[in-house]
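Undergrad: Provided herewith is a single structure, encoded as structure tokens, for subsequent inquiry.
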Amino acid sequence: MPALSLEQVRNLCMRRGFVFPGSAAYGGLGSFWDYGPLGVEMLNNIKQAWWHDAVYERDDMEGVDAAILMSRKVWQHSGHEATFSDPLVDCKACKSRFRADHVPLPPIGDPLREEVRRHAASNGAGGEPAVWPTRWDGEELVVSDETGDRRFSEDDQRRVGLVHKLIPCPKCNEFDWTEPRNFNLMFQSHVGPVAAAAGTDEEKAARVYMRPETAQGIFMNFAHVQRSMARKVPFGIAQIGKAFRNEITPGNFIFRTREFEQMEIEFFIKPEQYVQEGEKTDEQWHQEWIDRRFHWWLKLATPPSAGNQEMEEIEQRFRKRAQTADELAHYAKATTDIEYLFPGSLGWGEIEGVANRTDFDLTAHSKDIPEDDLKRLKLEDNKDSNEKFDYFDPDAKKRYVPWVIEPSAGVTRAMLTFLCEAYDEEFVKEPSKQDIDQIKSDAAMIKNNAEKKIKQAEKDIAAGKEAKHDPVQVREFLDKLEDVVTRLPESLSEVLLTLDHPGAQNLEPVKKFRPPTEKFMDEISRTVLRLHPRLAPIKLAVFPLKKNNAGLVELAQKIQRTFQKRFRTIYDDSAGIGKLYRRQDEIGTPYCITVDFESLEDGTVTVRERDTMSQERVPVDTLHDYLLPRLELG
Ligand code: ATP
């Protein structure tokens, strides 16, 4: 089972050295994260697996590593300076900022949802009279005016900017929004010493942007790569590197950050009008890349131990979603997003976009483009460029600006995806009926106490006094607890998570109940990251059965030294074997080796596999052949 909440993954990441908050000693910096010892290994593994698949395993790909800072003209002609922006709204009441299309509606069942409905029906923003009679039909907002009924899905409601009239601020619940305005997401800096004020010619001449995508560095190098490597279209260029976006509402741990890494391909193909019989069309190339990339995600999300049913379940958490006409950029012929079903309120989220961008990008950076093409692509004549990014096709005997298929994925978002998918808490011991009854009776005690607190809080609120508890939150917590208790023992792994609910804070029985429950859970369950071995930060851990026996220690360290030449291998003797296994399970180490007294006699060691916990005796001198295929290092 994958993670049930981002919180579980985040806790594990911080506890075990995957991800740390950036600039922590100074209170952090808005949504910048540092990747720790295990995080950097995992990021490297993701990048290597991608590079392998995108470059090494194909005959038609090359790589580049372009500079992060490029001429400002790149971003002017690519369209980023004018249009790489998101709509921003401010809550006038509490000054919080949101991306207008990302303000969440209150969840169904939340009394605030009713409030939205009432607000929509009676008042516009700031107490103005209602603009239109409105009603809700299921999740759709129906607006009636003289032209009839107009229906808005939840997405529409955000998109058309109804946010500032109808959706309350998620922080303070007020309906007092500013009008949406565009906010450019590119970070600015300057090359050389600049003292001039912002907006002056001198300042603008020195201005650079931190790249918000790696793609433009590839377009800039199209001709260099094509000529230096004597490539014929179709061929592609891959690049991995940092990108920066001054996101309005970053968050959901490392899902949306202001500094992140991308893995991008620009695959250059013949324009549709030159494709001949028997050659792949742009649509076929597009589909081929969508399928290849989808397969990559699935392959690395699936540990070798997965059975058929598990594989099916994993597949259901990935999907291809074709962008609708109104989502598509004007020049894109089609874009399909690959999405993953993240836990909790995040839900389906884009992890990669695969776009058919036609000849827009190379044309935008080219001089001497015919008027018709400029018109078709809504571009201005480029008077700054001294290149024309066209190509003489020796087979077609034609000169053209190639079209491009762009698969664009996030490295850091991939790490979150694989961690969520790999996260599992499972029982290593069956809980007894007595254990389950104990939890049920503790839960009943909590319920009794919480009901009293709700009553008291409601009384206090009615009397205009400050309440110790938020009755709505406590009720929500109780509903969750009830749901978990009725599903016991199957829901055992959700018990502790439920106690983290905001409504459970400051309830005395919860405080009492937590430590013994934690101890009990620790005894009967383990946390295991079922990462694909290629992604696992540590591939192998070697332990001596006893740390005070020189012979065991020496052999264990010898094995570790042998394998650390090939991949990340660690030696550990700081706890008992059971505990050492648990520690490695939690960080996804696929194999552990234990050296015991038998090893000294017959030269065999115990190899333990992470997912099945199965153990096998393997001769030391065949370990190499045993481990390498199982680690699928390629
Ligand atoms: P969104 O609409 O969510 O802002 P986008 O469609 O602008 O994303 P792209 O420009 O297509 O994203 O970027 C390609 C990939 O880069 C995304 O699929 C994602 O994996 C990654 N990515 C984009 N923005 C971020 C970010 N702020 N933090 C982490 N990864 C990101």
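The values are calculated or read from the model by the stated rules, or taken from the named source; none is laboratory data. All values derive from a computational prediction rather than experimental measurement. In this analysis, Cβ positions are derived from the backbone assuming ideal geometry, glycine residues included, and neighbour counts consider all displayed protein chains. Each accessible area value is taken on the protein alone, full model and side chains, heavy atoms only, with ligands, DNA and RNA left out. Shrake-Rupley method; radii C 1.70, N 1.55, O 1.52, S 1.80 Å.
Undergrad: Are there any pairs, at least 6 apart or on different chains, whose C-beta atoms fall under 8 Å, with the first in segment 219-230 and under 19 Å from residue 79 (Cβ atoms) and the second of a type outside the set (Lys, Arg) and exposed (fewer than 10 other Cβ atoms within 10 Å of the Cβ), and if so, which?
TA: none
Undergrad: Taking residue 621, is it in contact (Cβ under 8 Å) with a residue 12 or more places away in the chain and touching a Pro at 6+ places or on another chain (Cβ under 7 Å)?
TA: no
Undergrad: So which helices (runs of 4 or more DSSP H) are wholly in segment 184-266 and hold at least 1 residues that are within 16 Å of the ligand (Cβ to nearest atom)?
TA: Where helices (runs of 4 or more DSSP H) fall fully within segment 184-266 and carry at least 1 residues being within 16 Å of the ligand (Cβ to nearest atom), they are 215-220.
Undergrad: Return only the number of the condition from (1) open to solvent by 20 Å² or more (accessible area, probe 1.4 Å); (2) in contact with a helix residue (DSSP H, G or I) (Cβ under 9 Å, 6 or more places away or on another chain); (3) farther than 30 Å from residue 292 by Cβ that residue 450 does not satisfy.
TA: (1)
Undergrad: I'm told residue 543 meets every condition in (1) closer than 30 Å to residue 49 by Cα; (2) aromatic (Phe, Trp, Tyr); (3) open to solvent by 30 Å² or more (accessible area, probe 1.4 Å) except one. Can you identify the failing condition by its number?
TA: (3) is the only condition that residue 543 fails.
Undergrad: Among the residues of segment 44-97, which ones are under 26 Å from residue 227 (Cα atoms), open to solvent by 50 Å² or more (accessible area, probe 1.4 Å) and among the hydroxyl-bearing types (Ser, Thr, Tyr)?
TA: 56, 71
Undergrad: Which of the residues belonging to segment 575-608 are in a loop (DSSP other than H, G, I, E, B) and among the hydroxyl-bearing types (Ser, Thr, Tyr)?
TA: Scanning segment 575-608 gives a single hit, 589.
Undergrad: Still on this structure, please answer the following. Select the helices (runs of 4 or more DSSP H) contained entirely in segment 332-451, then report the ones holding at least 3 residues which are within 13 Å of the ligand (Cβ to nearest atom).
TA: Those helices (runs of 4 or more DSSP H) span 411-422.
Undergrad: How many residues, within segment 296-331, are open to solvent by less than 30 Å² (accessible area, probe 1.4 Å) and part of a strand (DSSP E or B)?
TA: 1
Undergrad: Residue 293 fails exactly one of the following numbered conditions: (1) open to solvent by 30 Å² or more (accessible area, probe 1.4 Å); (2) in contact with a strand residue (DSSP E or B) (Cβ under 8 Å, 6 or more places away or on another chain); (3) among the basic types (Lys, Arg). What is the number of that condition?
TA: Failing condition for residue 293: (1).
Undergrad: Turning to a different aspect of this structure: What pairs can you find where one residue is in segment 601-616 and at positive phi, the other is part of a helix (DSSP H, G or I), and their Cβ atoms are less than 8 Å apart, with a gap of 6+ or different chains?
TA: As it stands, the answer is 603/620; 603/621; 613/581, since those pairs meet every condition given.
Undergrad: Inside segment 467-485, can you point out the residues that are surrounded by fewer than 17 Cβ atoms within 10 Å (Cβ to Cβ), touching a residue at least 12 places away in the same chain (Cβ under 8 Å) and closer than 22 Å to residue 438 by Cα?
TA: Listed by number, the list holds a single entry, 482.
Undergrad: Continuing with the same structure: From 423, 340, 391, which residue is in contact with a helix residue (DSSP H, G or I) (Cβ under 8 Å, 6 or more places away or on another chain), aromatic (Phe, Trp, Tyr) and over 28 Å from residue 44 (Cβ atoms)?
TA: 391
Undergrad: Looking only at segment 550-572, filter to residues that are of a type outside the set (Phe, Trp, Tyr) and part of a strand (DSSP E or B); which one of those is surrounded by the fewest Cβ atoms within 10 Å (Cβ to Cβ)? Give the steps one after another, and end with the answer.
TA: So the first thing to find is which residues in segment 550-572 are of a type outside the set (Phe, Trp, Tyr), and the list is 550-562, 564-566, 568-570, 572.
Checking which are part of a strand (DSSP E or B) leaves us with 569-570.
Values: 569: 21, 570: 17.
Result: 570.
Undergrad: Now for a separate question. Residues that are on the phi > 0 side of the Ramachandran plot, of a type outside the set (Gly, Ala, Ser), modelled with pLDDT under 95 and over 37 Å from the mean Cα position of the chain (by Cα): does segment 387-397 have at least one?
TA: Scanning segment 387-397, I find at least one residue that is on the phi > 0 side of the Ramachandran plot, of a type outside the set (Gly, Ala, Ser), modelled with pLDDT under 95 and over 37 Å from the mean Cα position of the chain (by Cα), so the answer is yes.
Undergrad: Can you pull out every residue in segment 243-275 that is open to solvent by 10 Å² or more (accessible area, probe 1.4 Å) and over 18 Å from residue 350 (Cα atoms)?
TA: 246, 270, 272, 273, 274, 275
Undergrad: Identify, from the list 406, 315, the residue that is within 30 Å of residue 531 (Cβ to Cβ), assigned by TED's automatic domain parsing to the domain that holds residue 255, touching a strand residue (DSSP E or B) at 6+ places or on another chain (Cβ under 7 Å) and not β-branched (Val, Ile, Thr).
TA: 406
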